[in-house]
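The values are calculated or read from the model by the stated rules, or taken from the named source; none is laboratory data. Just so you know, these numbers come straight off a predicted model, no measurement behind them. Note that we place each Cβ from the backbone using ideal geometry, even for glycine, and neighbour counts take in every protein chain shown. The accessibility values were calculated without ligands, DNA or RNA, using every heavy atom of the protein model including side chains. Shrake-Rupley method; radii C 1.70, N 1.55, O 1.52, S 1.80 Å.
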Amino acid sequence: MDDISFISLGEACDVKYQILNKFKEFNNIKETYFFDWIISDFKTVLDVLNQTFLESFKKENLNIDNSNNKYQNAVVKINNYSTFVSLHDVPKNYNNTHVDNFIDKYTRRYNRLIDLI
């Protein structure tokens, strides 16, 4: 069973957490896919899969809020998607390198997901 892959399409990070927790015997679950650690709704899932996502995944389309004291990191949203929220990836005192790394990370995850599909 080394070739099995789990793709989380749930609305929050808990889906990936539960996959990791319940299926510990599978060693290859370490790969992270696009929706694993973000908050999304099914409309966003469909939009990401049906549109040319990477064309709209640019700095100017990101809304980064570092003012919310409820979260340890900045809250990142993508404009024009109903619910795409990252709470783990960009520090509150972010700079351009952090944002570039965020875009690179999710581009890799997106491509990994598309390749698997």
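List, please: which pairs have Cβ atoms under 9 Å, are six or more places apart or on different chains, and start with a residue in segment 101-117 that is closer than 16 Å to Ile78 by Cα and end with one that is among the small types (Gly, Ala, Ser)?
Phe102/Ser86; Tyr106/Ser86
Of the residues in segment 72-92, how many are open to solvent by 40 Å² or more (accessible area, probe 1.4 Å) and among the acidic types (Asp, Glu)?
The qualifying residues number 0.
If you check Asp47 against the conditions, is it of a type in the set (D, E, K, R), open to solvent by less than 80 Å² (accessible area, probe 1.4 Å), closer than 21 Å to Leu113 by Cα and in contact with a His (Cβ under 9 Å, 6 or more places away or on another chain)?
Details: of a type in the set (D, E, K, R): yes; open to solvent by less than 80 Å² (accessible area, probe 1.4 Å): yes; closer than 21 Å to Leu113 by Cα: yes; in contact with a His (Cβ under 9 Å, 6 or more places away or on another chain): no.
When the stated conditions are applied, Asp47 does not pass them.
What about Asn69, is it surrounded by fewer than 11 Cβ atoms within 10 Å (Cβ to Cβ), under 19 Å from Arg112 (Cα atoms), out of contact with any helix residue (DSSP H, G or I) (no Cβ under 8 Å at 6 or more places or on another chain) and modelled with pLDDT under 90? Break it down into steps so the answer makes sense when it comes.
Working: surrounded by fewer than 11 Cβ atoms within 10 Å (Cβ to Cβ): yes; under 19 Å from Arg112 (Cα atoms): no; out of contact with any helix residue (DSSP H, G or I) (no Cβ under 8 Å at 6 or more places or on another chain): yes; modelled with pLDDT under 90: yes.
When the stated conditions are applied, Asn69 does not pass them.
So, in segment 50-66, exactly how many residues are farther than 16 Å from Lys105 by Cβ and either modelled with pLDDT under 90 or surrounded by 17 or more Cβ atoms within 10 Å (Cβ to Cβ) (or both)?
Of the residues in that region, 5 qualify.
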